[in-house]
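Structure, as structure tokens:
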Amino acid sequence: VKGELPDLIEQSDIRGDLHCHTTASDGLNSIEEMAEKAIELGYDYLSISDHSKSSRVAGGLTEEELLAQIDEIDRVNDEIDELEILKSNEVDILQDGRLDFDESTLAELDIVVCSVHSNFGLSEVEQTERVLTALEHPQLDILGHPTGRLLGKRQPYDIDVEAILDKAAELDKVVELNAQPARLDLNASYCRAAKEKGVKIAISTDAHQRDHLEGIEYGIFQARRGWLEPEDVINTRPLSDLVHLID
């Protein structure tokens with residue numbers, strides 16, 4: 001209705017963070033230390049999403065290392081009551097759109113975040129087709145930092161974001177708003193476009209140390225600029241609803 005403003009998302013609406021790293025790849029804190037910080041923030045859940053094997057420079061996990069981490073998450077979950085640690089991975093989208101792990105490995109995870117970390121110089125057609133192919137994978141849940149920009153360091157790669165959002169809407173895939181101050185990716189305009197297309201957003205910090213989890217506020221600022229409301233963001237939901245949304 002004309003003249004009505006949306007009920008914009010607030011930081012207090014966030015129930016958990018769906019993308020963070022630990023010492024298993026290129027993070028500075030352990031699973032336990034990240035979980036302790038998430039509990040301090042009042043979260044219900046935290047998703048551990050270390051890098052996959054092709055991100056060698058970031059210490060990406062092999063299949064065996066990922067399975068060992070899954071066992072470690074089970075152990076830590078048995079020791080804490082205040083928080084559910086979710087098993088995840090930030091899986092590389094390879095140049096041809098394939099994912100960095102096979103289906104049997106991905107099936108062990110609660111949430112699969114998939115991101116581009118290489119071959120940034122592809123043409124717009126090639127880069128768009130690469131990500132569209134990845135979105136077709138049934139085990140991809142969240143598309144991470146969709147344009148790859150690093151503010152002041154790297155321009156977004158050439159990609160048709162509208163086409164990506166259309167495919168995400170068609171396939172009920174979630175798109176990440178990466179709250180890292182150097183990323184803020186999606187930008188506010190694309191957040192607004194995602195909302196209009198019915199694409200759900202995950203606001204995540206991509207934290208590489210425990211204090212980075214506090215950076216969720218930057219993602220909230222960006223989301224509000226893009227007119228996102230709590231119902232547009234999946235990690236405003238309780239865990240039972242969240243699991244249903246990405247199942």
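Listing for the model above:
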quantity	calculated
Thr205 vs. criteria open to solvent by 10 Å² or more (accessible area, probe 1.4 Å) and among the hydroxyl-bearing types (Ser, Thr, Tyr)	no
Residues within segment 195-222 that are of a type in the set (A, V, I, L, M, F, W, C) and in contact with a strand residue (DSSP E or B) (Cβ under 6 Å, 6 or more places away or on another chain), tallied	6
Every pair of residues 6+ apart whose Cβ atoms lie under 8 Å, when the first sits in segment 230-247 and is open to solvent by 50 Å² or more (accessible area, probe 1.4 Å) while the second is assigned to a helix (DSSP H, G or I) and β-branched (Val, Ile, Thr)	Leu245/Ile234
Residue count for segment 186-205, restricted to those that are in contact with a Lys or Arg (Cβ under 7 Å, 6 or more places away or on another chain) and either in contact (Cβ under 8 Å) with a residue 60 or more places away in the chain or polar (S, T, N, Q) (or both)	0
Failed item, numbered, when Asp102 is tested on (1) closer than 30 Å to Gln127 by Cα; (2) within 19 Å of the chain's Cα centre (by Cα); (3) open to solvent by 70 Å² or more (accessible area, probe 1.4 Å)	(2)
Some residue of segment 49-69 being modelled with pLDDT under 95, under 21 Å from Asn178 (Cβ atoms) and loosely packed, with under 14 Cβ neighbours inside 10 Å	yes
Among the candidates Gly121, Gly148, residue that is open to solvent by less than 10 Å² (accessible area, probe 1.4 Å), more than 11 Å from the chain's Cα centre (by Cα) and of a type outside the set (Ser, Thr, Tyr)	Gly148
Helices (runs of 4 or more DSSP H) (entirely within segment 157-247) containing at least 3 residues that are within 19 Å of Asp13 (Cβ to Cβ) and charged (D, E, K, R)	216-225
Selection status of Ile220, under 20 Å from Asn89 (Cα atoms) and either of a type in the set (Val, Ile, Thr) or surrounded by 15 or more Cβ atoms within 10 Å (Cβ to Cβ) (or both)	no
Checklist (1) surrounded by fewer than 21 Cβ atoms within 10 Å (Cβ to Cβ); (2) touching a strand residue (DSSP E or B) at 6+ places or on another chain (Cβ under 9 Å); (3) among the charged types (D, E, K, R) applied to Glu170, failing item	(2)
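Condition check ((1) touching a helix residue (DSSP H, G or I) at 6+ places or on another chain (Cβ under 6 Å); (2) open to solvent by 10 Å² or more (accessible area, probe 1.4 Å); (3) at positive phi) across all residues:
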residue: Glu4; (1), (2), (3): no, yes, no
residue: Leu8; (1), (2), (3): yes, yes, no
residue: His21; (1), (2), (3): no, no, no
residue: Ala24; (1), (2), (3): yes, yes, no
residue: Ala35; (1), (2), (3): no, no, no
residue: Glu40; (1), (2), (3): no, yes, no
residue: Tyr43; (1), (2), (3): no, yes, no
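The values are calculated or read from the model by the stated rules, or taken from the named source; none is laboratory data. Bear in mind that the values here come from a model prediction, so they are computed numbers and not experimental data. Note: ideal-geometry Cβ built from the backbone for every residue, glycine included; neighbour counts use all protein chains shown. The area values use the complete protein model at the heavy-atom level, side chains included, leaving out ligands, DNA and RNA. Shrake-Rupley method; radii C 1.70, N 1.55, O 1.52, S 1.80 Å.
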